[in-house]
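First up is the structure itself, then whatever we jot down about it.
The values are calculated or read from the model by the stated rules, or taken from the named source; none is laboratory data. Keep in mind that this is a model prediction, so the values were computed, not measured. When we count neighbours, we look across all protein chains shown, and the Cβ atoms used for this are built from the backbone with ideal geometry, even at glycine. Only protein heavy atoms, including side chains, enter the accessible area calculation; ligands, DNA and RNA are left aside. Shrake-Rupley method; radii C 1.70, N 1.55, O 1.52, S 1.80 Å.
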Amino acid sequence: MQIKLGQVAVVTGGASGIGLAMARAFGAAGMRLMIGDIEPGALETAADLLRVDGFEVATEIVDVASADAVDAFAAKTFETFGAANIVCNNAGVVARHDAWGSLEDWKWVIDVDLWGVIHGVHSFVSRMVQGGQVGHVVNTASVAGLLGFPGIASYTAAKHAVVGLSTSLHHELAATSVGVSVLCPGLVATNIVNSERNRPGGDPSDGDSPTHALTGETLTPDDVADQVLAAVRADRFWVLPHAHYADQAIALAEGRKAGLPPAQPEVKF
């Protein structure tokens, strides 16, 4: 997709982490920004920072687990800017549990990480196609959408589903002017490890240190956002910031063919 001055980029989970970095990257490319997030204070701060950089920004508090909220977000985007050229379904959370663990954990993660993407696709893509403008959808999955990580079963299941959804969407939109990318990063220095702060009825202080997941492979959100921007410009489907996980996914596929059990993914420390 050729990015032009004045086009509109939409980002959910846009108040921090990869979402904020993507908004910054698209703004620097000359796009107007609509960012949504469930955290009012963080959203206001993010918008102020983006405006200081000279970007045109509109915001909306949105819970992506709600179909009505996302549809209202899409409607406001088109009312405000008249278009949505790039839509990043990025909001996400994680809970640590075994596959037989709490159903409340399962529901919370699936509602945000999978249904949030479904809602974004449902509410934005039809408007984008009907508008006839050049566009692109970026769905944030994870290397957990390619490999089976223990201890985060709901997250792994949701992200596998996002990869599948994105693949189908890519084929379905092939004859249109709307492209698709799926983002599958490994460890990134974001606050997702403190997802409990946004859990309904949860304790905002009940979380891990933001440094919990930091290893030698950890990238910055800006590193990832730069790769997303490049992928959109090149109409590239896969965005795999950590190449060694792609190698592990190939090995996993070869193991399937050989009838071997899945190997546990390896993180680079």
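Under a 1.4 angstrom probe, counting protein chains only, how are GLU56, GLU172 ranked by accessible area, largest first?
GLU172, GLU56
Give me the percent of the accessible area of the chain that comes from carbon and sulfur atoms, probe 1.4 Å, all protein chains in place.
C and S atoms contribute 56 percent here.
Round to a whole angstrom and tell me the spacing of the C-alpha centers of region 7-47 and region 69-98.
If we compute the Cα centre of each part, the gap is 10 Å.
May I ask you to rank ARG236, ARG96, ARG256 by accessible area, largest first, using a 1.4 Å probe over the protein chains only?
Largest accessible area first, the list is ARG256, ARG96, ARG236.
Would you mind calculating the gained length between THR167 and ASP98 on full extension (0.36 nm times residue separation, minus the Cα-Cα distance), in nm to one decimal?
22.1 nm
Taking H as built 1.01 Å from N, whose amide H comes closer than 5 Å to the amide H of HIS136, not counting residues under 5 places away?
Here the answer is ILE86, VAL87, GLY179, since their amide H atoms fall under 5 Å of that of HIS136.
GNM on the chain, C-alpha springs below 10 Å: top fluctuator among ALA99, ALA21, ALA153?
Of the options given, ALA99 has the highest mean-square fluctuation.
For ASP247 and THR220, FRET efficiency with R0 = 30 Å and r from the beta-carbon atoms, rounded to 0.05?
0.85
Quick one: if the Förster radius is 45 Å, what FRET efficiency do ASP48 and ARG256 give, using the C-beta to C-beta distance and rounding to 0.05?
Efficiency computed from Cβ-Cβ geometry: 0.40.
Which is farthest toward the positive dipole end of region 212-269 among ILE250, VAL228, PRO265, measuring Cα position about the Cα centre, with Cβ charges +1 (Lys, Arg) and -1 (Asp, Glu)?
Positive-end residue among those listed: ILE250.
With springs only between Cα atoms under 10 Å, which of ILE35, ILE152, ILE18 fluctuates most in a Gaussian network model of the chain?
Of ILE35, ILE152, ILE18, the Gaussian network model singles out ILE152 as fluctuating most.
Over the chain, average the accessible area per residue using a 1.4 Å probe and give it in Å², no decimals.
I get 45 Å² per residue for this part.
Calculate, in nm to one decimal, what SER126 and ALA234 gain on full extension: separation in residues at 0.36 nm each, minus their alpha carbon distance.
Length gained between SER126 and ALA234: 36.6 nm.
Give the lysines reachable from LYS159 as a straight Cα distance under 19 Å; neighbours fewer than 8 places away on the same chain don't count.
Cross-link targets: LYS107.
Rg and Dmax of region 18-143 over Cα atoms: what are they, in angstrom?
Cα only, region 18-143: 15.1, 48 Å (Rg, Dmax).
How compact and how long is the chain, expressed as Rg and Dmax of its alpha-carbon atoms in Å?
Computed over the Cα atoms of the chain, radius of gyration and Dmax are 17.7, 56 Å.
Would you mind telling me which residue in ASN191, ASN139, ASN90 has the biggest mean-square fluctuation in a Gaussian network model of the chain, where springs connect alpha carbons within a distance under 10 angstrom?
ASN191
Assign one of three labels to region 2-75, namely rounded, prolate or oblate, based on the Cα gyration tensor with a ≥ b ≥ c the square roots of its eigenvalues; rounded applies when a/c is under 1.5, prolate when it is not and a/b is larger than b/c, and oblate otherwise.
Here region 2-75 falls in the oblate category.
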